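Enquirer: Below is one structure. I have some questions about it.
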Amino acid sequence: MSIRHGLLALLERGPRYGSQLRTEFESRTGSTWPLNVGQVYTTLARLERDGLVAPDGEDAAGHTLYAITDAGRTELFQWYERPVDRANPPRDELSIKLAMAVGAPGVDIRAVIQSQRHATIKAMQDYTRLKATALAAVESGRSHERDDVAWLLVLEQLIFQTEAEARWLDHCEARLVRLSLPADRRAAEPEPPQAAAETPAPTTTQPRTARSRRG
Amino acid sequence: MPEQRKSQQPVLQLDRLVRTHGSGATEVHALRGIDLSVFPGELVAVMGPSGSGKSTLLTLAGGLDTPSSGRVVVEGTDITTASRRQLAALRRRSIGYVFQDYNLIPALTAAENVALPRELDGISARKARASALAALEEMGLGQLADRFPDEMSGGQQQRVAIARALVGDRRLVLADEPTGALDSETGESVLALLRARCDAGAAGILVTHEPRFAAWADRVVFLRDGSVVDETLRSHADSLLHGQAAGQ
Ligand SMILES: Nc1ncnc2c1ncn2[C@@H]1O[C@H](COP(=O)(O)OP(=O)(O)O)[C@@H](O)[C@H]1O
Ligand SMILES: [Mg+2]
């Protein structure tokens, strides 16, 4: 997660001081990625070192203000244009857990999957409720509309992400059930449409974009 | 929802519900003893792999099929022991269905489709039409009243089907994959309507395999091989972003 670019984006709207950046960052993302003030100041120090921001005096209350530099602005707009790097997919604890659970003695992998599915669907229920609230706020035109829209987009990203996880869990379970059938029955069973349509191998680093319906 | 549960009767109560098809070697245990109560204001999603018994559960809950054993109580009446006449009346007055293919009658307008169950219930055509228009209006579908099904989009038809399912004072809506044929945006608008009807006091069961739609429910029940294996309860969302999920 790029705190650097997040701060540059806020500074592009005008000079700000440290704790103000933290507050604005959090209201944009609805506290999804809480920052502490220490992270903000160390990031500002690095941005200053790299010539992307510069101190810009003090406000009336004596807070040190920072302003974005031309180099910072160039970096910011390059960031907006550049797709997020997928060369090194983040290590995902769930994938590792399921990979380890396959054939592990004393582990019921369907129970592992169900316990994760429970947590995933529950998180989706919560995100969905937050989304309904955010949507109502945006549609009523109340309050800080820009922040509400930003928060809505972040929530929807979380919903898509948990949805992908839930679908993947369904897929894993269906796959494991199918593989556990005796070979003669397996040959007789029609291939479930989902298993046929989805990217089967977890060894690729491509993002999974295939979306299919199950019957 | 716990406060509600203490003070209100469930709209639907399933007790040890069993449905077995066939016998002997070809015996299929579609449901193996389901207990489930749905309260006013509650939307319950049922998820599970294909063949796990989701549709069987809905048809039994709606009195369209008879259980092998167990009870189905709708608004206080045990429909498994009710007379055929009582059951028919209950199906018309208390229970609404929404299926994947919308089942609107092509030769009737939206308002006529919605009015039909009221007319079947013996209410005058004028009154039935008035209550149909009111139901459509209340659900933000007033502008569709005089359109025929083939003049509406899939999402509009499905929303009219929900209006029909809940016209009058019917308080139980049973929806089997109601978003199955819709794109995700339209599916969402159908879900929003179902959710709003439950918020207004109806009780609903939504069968879906789409996690995104199940997430609109207050509870998600997971079926596998005819049994409930797990269920989620709604929590307080405020705690969510400061708990484990924040690190994802
Ligand atoms: N009329 C029937 N005769 C025999 N078996 C049936 C009948 N209806 C459903 N079943 C079986 O009961 C099980 C549950 O079916 P269903 O409720 O349709 O599952 P789902 O809706 O979850 O896909 C399946 O194994 C199905 O084959
Ligand atoms: Mg079904």
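Enquirer: Scanning for something farther than 25 Å from B:L60 by Cβ and assigned to a helix (DSSP H, G or I), does region B:159-167 turn up at least one residue?
Expert: Checked region B:159-167: at least one residue is farther than 25 Å from B:L60 by Cβ and assigned to a helix (DSSP H, G or I).
Enquirer: Which one is nearest to the chain's Cα centre (by Cα) among residues in region B:52-85 that are of a type in the set (G, A, S) and more than 14 Å from B:S37 (Cα to Cα)? Explain how you work it out, then say what you get.
Expert: Here is the first cut: in region B:52-85, the residues of a type in the set (G, A, S) are B:52-53, B:55, B:61-63, B:68-70, B:76, B:82-83.
Keeping just the survivors that are more than 14 Å from B:S37 (Cα to Cα) gives B:52-53, B:55, B:63, B:68-69, B:82-83.
Values: B:S52: 18, B:G53: 15, B:S55: 11, B:G63: 13, B:S68: 22, B:S69: 22, B:A82: 21, B:S83: 23 Å.
It comes out as B:S55.
Enquirer: Run A:A101 past the list (1) farther than 30 Å from B:L233 by Cα; (2) surrounded by 17 or more Cβ atoms within 10 Å (Cβ to Cβ) and report the number of the one that doesn't hold.
Expert: (1)
Enquirer: With in contact (Cβ under 8 Å) with a residue 12 or more places away in the chain and not in a loop (DSSP other than H, G, I, E, B) as the only criterion, which of B:A130, B:A134, B:A181, B:A175 stands out?
Expert: Working: B:A130 fails: in contact (Cβ under 8 Å) with a residue 12 or more places away in the chain; B:A134 fails: in contact (Cβ under 8 Å) with a residue 12 or more places away in the chain; B:A181 fails: not in a loop (DSSP other than H, G, I, E, B).
Matching residue, one of B:A130, B:A134, B:A181, B:A175: B:A175.
Enquirer: Right, something else. Among the helices (runs of 4 or more DSSP H) contained in region A:34-118, which hold 2 or more residues that are more than 30 Å from B:D230 (Cβ to Cβ) and within 21 Å of the chain's Cα centre (by Cα)?
Expert: Qualifying helices (runs of 4 or more DSSP H): A:37-49, A:70-81.
Enquirer: Is there a residue in region A:8-23 that is within 14 Å of chain B (Cβ to nearest Cβ) and under 26 Å from A:A134 (Cα atoms)?
Expert: Looking through region A:8-23, none of the residues is within 14 Å of chain B (Cβ to nearest Cβ) and under 26 Å from A:A134 (Cα atoms).
Enquirer: With respect to the numbered conditions (1) more than 14 Å from every other protein chain (Cβ to nearest Cβ); (2) at pLDDT below 85; (3) farther than 25 Å from B:A217 by Cβ, which one is the sole condition not fulfilled by A:Y80?
Expert: It is condition (2) that A:Y80 fails.
Enquirer: Could you list all residues from region B:54-68 that are surrounded by 19 or more Cβ atoms within 10 Å (Cβ to Cβ) and more than 11 Å from ligand 2 (Cβ to nearest atom)?
Expert: Matches in region B:54-68: B:L60, B:A61, B:G62, B:G63, B:P67.
Enquirer: Kindly indicate which of B:G53, B:G62, B:G96 is out of contact with any Asp or Glu (no Cβ under 6 Å at 6 or more places or on another chain) and near ligand 1 (Cβ under 9 Å from one of its atoms).
Expert: Among B:G53, B:G62, B:G96, only B:G53 is out of contact with any Asp or Glu (no Cβ under 6 Å at 6 or more places or on another chain) and near ligand 1 (Cβ under 9 Å from one of its atoms).
Enquirer: Also: Tell me, yes or no, whether region B:101-117 has at least one residue that is out of contact with any helix residue (DSSP H, G or I) (no Cβ under 7 Å at 6 or more places or on another chain), modelled with pLDDT of 90 or more and part of a helix (DSSP H, G or I).
Expert: yes
Enquirer: Just to be sure I understand, how many residues within region B:139-161 are farther than 15 Å from B:A115 by Cβ and of a type in the set (A, V, I, L, M, F, W, C)? Lay out the reasoning, then the answer.
Expert: Of the residues in region B:139-161, the ones farther than 15 Å from B:A115 by Cβ are B:140, B:143, B:150-159.
If we keep only those that are of a type in the set (A, V, I, L, M, F, W, C) too, we end up with B:152.
So the count comes out to 1.
Enquirer: If you don't mind, there's one more thing I want to ask. Given the condition closer than 30 Å to A:R117 by Cα and away from ligand 1 (no atom under 16 Å from the Cβ), answer yes or no: does some residue in region B:42-49 qualify?
Expert: Yes, region B:42-49 contains at least one residue that is closer than 30 Å to A:R117 by Cα and away from ligand 1 (no atom under 16 Å from the Cβ).
Enquirer: Within the set of pairs 6+ apart or on separate chains, which have a first residue in region B:193-214 that is at the interface with another protein chain (Cβ under 9 Å from one of its Cβ atoms) and touching a residue at least 60 places away in the same chain (Cβ under 8 Å), a second that is away from ligand 2 (no atom under 16 Å from the Cβ) and among the aromatic types (F, W, Y), and C-beta atoms under 6 Å apart?
Expert: From region B:193-214, the pairs are B:R195/B:W216.
Enquirer: Among the numbered conditions (1) over 14 Å from the mean Cα position of the chain (by Cα); (2) facing chain A (nearest Cβ under 8 Å); (3) modelled with pLDDT of 95 or more, tell me where B:L223 comes up short.
Expert: Exception for B:L223: condition (2).
Enquirer: Right, next: Which of the residues spanning region B:26-53 are within 14 Å of ligand 2 (Cβ to nearest atom), closer than 29 Å to B:Q8 by Cβ and of a type in the set (A, V, I, L, M)?
Expert: Of everything in region B:26-53, those that are within 14 Å of ligand 2 (Cβ to nearest atom), closer than 29 Å to B:Q8 by Cβ and of a type in the set (A, V, I, L, M) turn out to be B:L31, B:A45, B:V46, B:M47.
Enquirer: Would you mind stating whether A:E156 is within 20 Å of the chain's Cα centre (by Cα), within 14 Å of chain B (Cβ to nearest Cβ) and at pLDDT 60 or above?
Expert: Spelling it out, A:E156 is indeed within 20 Å of the chain's Cα centre (by Cα), within 14 Å of chain B (Cβ to nearest Cβ) and at pLDDT 60 or above.
Enquirer: Pick from region B:138-155 the residues that are assigned to a helix (DSSP H, G or I) and modelled with pLDDT under 90: which of them is nearest to the chain's Cα centre (by Cα)?
Expert: The selected residue is B:G155.
Enquirer: For region B:195-216, which positions are modelled with pLDDT of 90 or more and away from ligand 1 (no atom under 16 Å from the Cβ)?
Expert: Hits for region B:195-216 are B:R195, B:C198, B:D199, B:G201, B:A202, B:A203, B:G204, B:R212, B:A215, B:W216.
The values are calculated or read from the model by the stated rules, or taken from the named source; none is laboratory data. Since this is a predicted model, take the numbers as computed values, not measurements. Backbone-built Cβ (ideal geometry, glycine too); neighbour counts: all protein chains shown.
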